[in-house]
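This report refers to the structure that appears directly beneath it.
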Amino acid sequence: MANCAIVGINWGDEGKGRMVDLLTQDYDIVVRFQGGGNAGHTVVNEKGKFALHLLPSGIFRDSVVNILGNGVALDPENLWTEIQTVTDKGVAVTPRNLKISERASLLLPWHRQLDGLEEARLADKKYGSTKQGIAPFYSDKYQKKTILAGELFYPEELRQHLADICEWKNLTLSKVYGAEPVTMDMLEAWLSEACEKIKPYVCDTTLFLKEAAETGKSILFEAQLGSLRDLDYGIYPYTTSSNTLAAYAPIGSGLPSAKIDSVVGVVKAYSTCVGEGPFVCEMEGKEAEALREAGGEYGAKTGRPRRVGPFDAVATRYGVEVQGATEIALTKLDVLSYMEKIPVCIRYEIDGKPCDRFPFPVLLAKAKPVIEYFDGWHRDISGCRTWEELPAEARAYVDYIEQAAGCRITYVSVGPERDSIIIRK
Ligand code: GDP
């Protein structure tokens, strides 16, 4: 069967977890290929409500094998806490249904500490990091100063490797930030606690995926965050430190030869953005508060209020382009039911000139949104299950987004529950 990637088209929090949870019924394997525990995928199903951070959203389906690929930032402590949280709610997590790539790098105890120290140093120029250690982790990975999960099976070599990295890292901790150095005793405790717990899940996932692909198994690649947070194509430097694009999925998953047959781009019916950085269509004041409340727009990881705005045609079209989306899942349409008139950002203006193409990051600070209004539908649509049941105004709004994004909308989500979905195939 064909492979699929589910990716975010905008700034993240589009509802990817909800779509993966729905679509995993058709797949054998779900792989997280980038990012770490810095985001939250919220899933509501018959087992309860869950905020997943690192675990793939296929963990709720008994028949699905979930993989944490080599591209993720593997935080053993947080992963273990997350495994316990879902296990406590009756979801089985075993080495059979969760496999961690032996080539995934470990997020080390100093990464979260460094994230906090650097944000504190930046003060009012901070990036708005979730302080999960993601930026220091990826910097160190590219400097070749991390430990691979598979090294846990070679204790002698591991201790020497860890001691060498620790000596190097302590220079930064003490000389740059004036912090206490990390000792080998601290690292021993970390190894024997968190690392020992996740060790049974670590294996050669590239071999597993190769054999699965050869026997016709289907793979779903689950991305974290969205196009505009991609390290190379996003709103740099207000991006994340990994690649959130579908194109990275084969490399970060552990099956570099994988072909991706369809890319489902998840788009929210309005815009949200967590943290700092340019957000051209941002709403302010009471209008923003009303939308934030209606959509429950508070970070799944941090509880931070999300910045909100109308649907942004310029950013979404760009997101679709860089993701290579072959179809769109539009989420949270039901949230807009309270609005009299629904604003949309149809284009930007920069120095008085119209701008339809997402600009180079530096220019975003000068961009102004051009807003138009659609008629609202003023009624609850969360019970709609077919396209025809949607009010004409809601259909007109979805049609506009489809045309503005330049990509077919095949799913319209009208609630967080698994079955609150309209399928337009
Ligand atoms: P993700 O990181 O892309 O998975 O998105 P988040 O989980 O951070 O945010 C999406 C939020 O919206 C979650 O709380 C979901 O339960 C919720 N959600 C997803 N789809 C819908 C929808 O169609 N309607 C409503 N009302 N909520 C939704």
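The values are calculated or read from the model by the stated rules, or taken from the named source; none is laboratory data. Note that the structure is predicted; figures quoted are calculated from it, not measured. Every residue, glycine as well, gets a Cβ built from its backbone with ideal geometry; the counts of neighbours run over all protein chains shown. Ligands, DNA and RNA are stripped out before the accessible areas are found, and what is left, the full protein with its side chains, is counted by its heavy atoms. Shrake-Rupley method; radii C 1.70, N 1.55, O 1.52, S 1.80 Å.
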Along the dipole axis of the chain (charges at Cβ: +1 for Lys and Arg, -1 for Asp and Glu; origin at the Cα centre), the most positive-end residue among Gln34, Thr239, Asn45 is Thr239
Binned at 10 Å from zero, the C-alpha pair distances of segment 22-165 give percents of 11, 38, 32, 17, 3
Between the Cα axis of helix 313-323 and the main Cα principal axis of the chain, the angle (0 to 90°, nearest 10) is 40 degrees
Note, Gly295: beta-carbon cut-off 9 Å, +1 each Lys/Arg, -1 each Asp/Glu, net +2
With the dipole of segment 212-308 defined by +1 on each Lys or Arg Cβ and -1 on each Asp or Glu Cβ, the option from Gly252, Thr215, Ser271 whose Cα lies farthest towards the positive pole is Thr215
Given Cβ charges of +1 for Lys and Arg and -1 for Asp and Glu, the option among Ile83, Ser57, Leu291 whose Cα lies farthest towards the positive end of the dipole of the chain is Leu291
Measure of exposure for Arg292: accessible area at 1.4 Å probe, Å² rounded to 10, is 50 Å²
Given backbone amide H placed at 1.01 Å from N, residues whose amide H is under 5 Å from that of Thr331, ignoring those fewer than 5 places away on the same chain, are Val267, Lys268, Ala269, Ser413
The answer for the per residue Cα convex hull volume of segment 287-397, in Å³, is 146 Å³
Shape call for segment 155-259, from the Cα gyration tensor axes a ≥ b ≥ c (a/c under 1.5 means rounded, otherwise prolate when a/b beats b/c, else oblate), comes out oblate
To the nearest 0.05, the calculated FRET efficiency linking Thr85 and Ser218 through their beta-carbon distance, R0 being 25 Å, is 0.35
With +1 on the Cβ of every Lys and Arg and -1 on the Cβ of every Asp and Glu, the dipole magnitude of the chain about its Cα centre, in debye rounded to the nearest 20, is 320 debye
The set of residues whose placed amide H lies less than 5 Å from the amide H of Gly275, leaving out same-chain residues fewer than 5 positions away, is Arg307
Going residue by residue through segment 137-146, the Karplus relation 6.51 cos²θ - 1.76 cosθ + 1.60 with θ = phi - 60° gives ³J(HN,Hα) values, rounded to whole Hz and with x marking Gly or Pro, of 4, 5, 4, 5, 4, 6, 8, 6, 10, 10
By accessible area (1.4 Å), largest first, Thr172, Thr244 order as Thr172, Thr244
Helix 392-405 sits off the longest principal axis of the Cα atoms of the chain, rounded to the nearest 10 on a 0 to 90 degree scale, by 60 degrees
Most fluctuating of Glu321, Glu77, Glu389 in the GNM of the chain (C-alpha, under 10 Å) is Glu389
Two pseudo-spin positions, 7 Å from Cα along C-beta at Arg379 and at Val176, lie apart in nanometres by 5.9 nm
Set Lys169/Lys197; Lys169/Lys368; Lys126/Lys169; Lys259/Lys341; Lys49/Lys199; Lys16/Lys99, cut-off 32 Å on Cα-Cα distance; pairs above it are Lys169/Lys368; Lys259/Lys341
With R₀ set to 60 angstrom, the calculated FRET efficiency between the beta-carbons of Asp185 and Lys286, to the nearest 0.05, is 0.65
Given a 1.4 Å probe, the accessible area of segment 109-180 per residue, as a whole number of Å², is 57 Å²
The ratio Rg/Rh over the Cα atoms of the chain, Rh being the Kirkwood inverse mean 1/r radius, stands at 0.98
